[in-house]
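Below is the structure I would like to discuss, written out as structure tokens.
Each value in this text was obtained by applying a stated rule to the coordinates, not by laboratory testing. Since this is a predicted model, take the numbers as computed values, not measurements. FYI the Cβ positions are ideal-geometry reconstructions off the backbone, even for glycines, and counts take in every protein chain you see.
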Amino acid sequence: MMERDNYILWDAGEVIYRAGDPSNEAFLIMDGSVQVFTSEGLLLNRIGANEILGETSLLLDTTRTVTAIASTVGAKAKRIPRQYLSDLSARDRVAAALIRKSQYRLIDSNKQSNMLGLEIDRIADLVEQVIGDKKDDNGAVTELRKTLDSIRNQVVFDKHLAHYPNTSGPSKADAENAENFG
């Protein structure tokens, strides 16, 4: 990270913050983009120009809920201090409540996406073990392999994120969601 002319600049692939890190500020992306991952490495989204990154943990007064990494083109941003969002919330309690509710829904959606992504990855591995090197005269195995490839291209896990320390342990809600998905 480098600061220049009231902007923060991140190089391509630079970790901005990790899930579990303390939150002190949010960022308005001015140029480039940032990829957002679960702590297990599921790609959730890409945040681009004129979008905000890191607001959830500030608005809810929690640690970071995702890992943010500058994309292959890097990113340029302006800081949004905690106080700015606090003042905004204090001015309009109804808007603050709507924003908070949306943020909780976002966190829940991210957790569900992660759980489903992990299950899809596990199922794909099991299917590959079962079909192995089988050839199929009617094309069913070939079609299954194409479908698995398509799913894996859509459900992207960045396995190297497992090497980054995850300072947050699993929560009770994570355990309850895990039970829902087997």
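Let me see the pair-distance distribution of the range 36-112: every alpha carbon pair, 10 Å bin width, integer percents in order.
16, 48, 31, 5
Full-extension gain between Glu128 and Leu98, please, as 0.36 nm times their residue separation minus the C-alpha to C-alpha distance.
Roughly 6.4 nm would be gained on extension.
Let me ask something additional. Using helices alone, I'd like the mean residue ellipticity at 222 nm for the chain: each DSSP H run of four-plus residues gives -39500 (n - 2.57), total over residue count, nearest 500.
On the way: 5 runs with 79 residues, N = 182.
Using -39500 (n - 2.57) per qualifying helix, the result is -14500 deg cm²/dmol.
I need Thr72, Thr62 ordered by Cβ neighbour count within 10 Å, fewest first.
Listing Thr72, Thr62 from fewest to most nearby Cβ atoms yields Thr72, Thr62.
With the convex hull built on the Cα atoms of the range 1-135, state its orientation-averaged projected area in nm².
About 10.1 nm², averaged over all directions.
Among the complete DSSP H segments of the chain, which ones combine at least 30 Å of alpha-carbon extent along their axis with a mean Kyte-Doolittle hydropathy of -0.5 or more?
Within the chain the helices that satisfy the rule are 93-131.
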